[in-house]
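A short worksheet on the structure shown next.
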Amino acid sequence: MNSKELKIMMTILICAAIGLVFIIGLLVGKEYLKSDNEKRLERDNKYMSETYLRKHGGTSTYGEGEIGKDFVNYDLRSWDAGKNWYAVDYDFDTETVKIMGEAEEVYPGLLKHLEAWDALTNHVIENGSITLNGDRAQKDAEILNNAGFEIKKGDTCNEQTN
C-alpha cells in the first residue's frame, strides 16, 4: 500500500469516526437539542395533566340548534376535584389562563351534555350497540334522549342503511 492509498484510507476512517460520533451525539443529546419552548410545553402539559381536571375539545352536538350546524370549542377546568368547573381561555403568548367564568354561565348545559355523551359511550361499551328493541328499548331511548337525540315512535336501529 502506497502513501496515497494510506492517506485516502485514513481520511475515510476519520470521516466515518466523525460521522459516528455525530450520530451518537444526536441520539444521546436529543434532550439537549430540544428548544426551550418544547421543554416548557412538555413540562406544563405533564403538570396540568397530573394536577388539574380538564375537559376540552369541540362539539357540534351541543345547544338547541340542529346537530352538526354550529361547532363549539371549549376548555373547562376544575381546581377542586370537579366540584366547580370554569370556562377558560389559554393565552399562548403570555402563558396565562384567563378564567372566563363558571362553565354553566359561559356554556349553559354543556357539562350536562358532555356527561350525557359519556353515559351514552359507557352504555354502548357495557351493553353493545343501541337497538331500541326488546328489554333494553326504554333504557336505550332514554340514553339517546339525554344525549340530545330525538326518538320518534316506531324508530328502530336494526334496519341496514346504505
Could you give every pair whose Cβ atoms fall below 6 Å, whose first residue belongs to the range 33-50 and is within 25 Å of I23 (Cβ to Cβ), and whose second residue is at pLDDT below 80, counting only separations of at least 6 or pairs across chains?
none
Criterion: loosely packed, with under 13 Cβ neighbours inside 10 Å, modelled with pLDDT of 90 or more and of a type in the set (S, T, N, Q) - qualifying residue of N45, N84, N133:
N84
Picking from E5, E66, E31, which residue would you name as being at pLDDT 80 or above, out of contact with any Leu (no Cβ under 8 Å at 6 or more places or on another chain) and loosely packed, with under 10 Cβ neighbours inside 10 Å?
E5
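The values are calculated or read from the model by the stated rules, or taken from the named source; none is laboratory data. From a predicted model like this one, the values you see are computed outputs, not experimental measurements. Here the Cβ is made from the backbone with ideal geometry for all residues, glycine too, and neighbour counts use every protein chain on show.
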